[in-house]
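Participant: Once you've had a glance at the structure underneath, I'll fire off some questions.
The values are calculated or read from the model by the stated rules, or taken from the named source; none is laboratory data. Nothing here was measured: the structure is a model prediction, and the numbers come from that model. Using ideal geometry, Cβ is built from the backbone for each residue, glycine included, and neighbour counts are taken over all protein chains shown. These accessible areas exclude ligands, DNA and RNA; they are computed on the full protein's heavy atoms, side chains included. Shrake-Rupley method; radii C 1.70, N 1.55, O 1.52, S 1.80 Å.
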Amino acid sequence: MSEQEQRYAELVLLSEGQIKSPHMLDEHRVVLRHPEIIIGRDPDADVVLAGLKQVSRYHCVIRYDVDQGEYAVKNSGSTFGTRLNNLPIEMGKYIPLGDGDEIELGTVLDGGALLRFYVDNPPDNLNDTHSDRTGRL
């Protein structure tokens, strides 16, 4: 892989809700095809999470750093916060993402969303993945 090539990555929605994106693989999975992806409930976001009351219009951003060869996530000033593996993400600060990391937007049990990040080798079958926090998948 050349240094300029973006690594393959996808997000899987583990919680209730609806995901919309031009790069959907199915109703729960979306491929990250651009160096910067905005996630939120606004129809103009790159990944739209509709119908979730704790997801802000522009909740968080995932970006790919070509020089470092890694993805990172930041909280874009969301009302209900963003957590990575159950730890809060400070507003405006990018935190590196690893394969299998869980990103929680708001609180899942109160109308937020739970996403799992996969890089390079996502599961072939969604039945191979689950979350202890949602009981789904």
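Participant: According to the square roots a ≥ b ≥ c of the eigenvalues of the Cα gyration tensor, what is the shape class of the range 6-63, taking rounded for a/c under 1.5, prolate for a/b larger than b/c otherwise, and oblate for the remainder?
Facilitator: It comes out oblate by the Cα gyration axes.
Participant: Another question about this same structure. Where is the GNM fluctuation largest for the chain (alpha-carbon springs, 10 angstrom cutoff): D42, D65, D110?
Facilitator: D110
Participant: Near R57, within a Cβ-to-Cβ distance under 15 Å, what is the net charge of the other residues, with Lys and Arg +1 and Asp and Glu -1?
Facilitator: 0
Participant: OK, next. Under 14 Å from the Cβ of N75, count the other residues' Cβ atoms, weight Lys and Arg +1, Asp and Glu -1, and hand me the total. Write down the numbers at each step before the final one.
Facilitator: Working: positive: R57, R63, K74, R83, K93; negative: E90, E104.
Result for the local shell: +3.
Participant: With both bridge residues required to lie in the chain, what share of the DSSP beta bridges run antiparallel, to the nearest 5%?
Facilitator: 90 percent
Participant: Grab the Cα-Cα distance for D26 and K53, subtract it from 0.36 nm times how many residues apart they are, and report the gain in nm with one decimal.
Facilitator: Extra length available between D26 and K53 comes to 7.4 nm.
Participant: Tell me which label goes with the value of semi-axes √(5λ) of the Cα gyration tensor in Å computed from the coordinates here: [x] 27, 24, 16; [y] 21, 17, 14; [z] 27, 24, 10.
Facilitator: [y]
Participant: Determine the gain in length on full extension of the stretch T79-E16; use 0.36 nm per residue of separation and subtract their C-alpha separation, reporting nm with one decimal.
Facilitator: The T79-E16 span can extend by a further 20.7 nm.
Participant: Accessible area per residue, 1.4 Å probe, Å², for the chain: what's the number?
Facilitator: The answer is 52 Å² per residue.
Participant: Computed FRET efficiency, Cβ-Cβ of D42 and D99, R0 30 Å: what is it to the nearest 0.05?
Facilitator: 0.60
Participant: If each of T107 and R33 carries a label point 7 Å out from its Cα toward its Cβ, how far apart are those two points in nm?
Facilitator: Between T107 and R33, the simple spin-label model gives 3.7 nm.
Participant: At 7 Å along Cα-to-Cβ for each site, give me the label-to-label distance between E70 and Y8 in nm.
Facilitator: In this crude spin-label approximation the distance works out to 2.2 nm.
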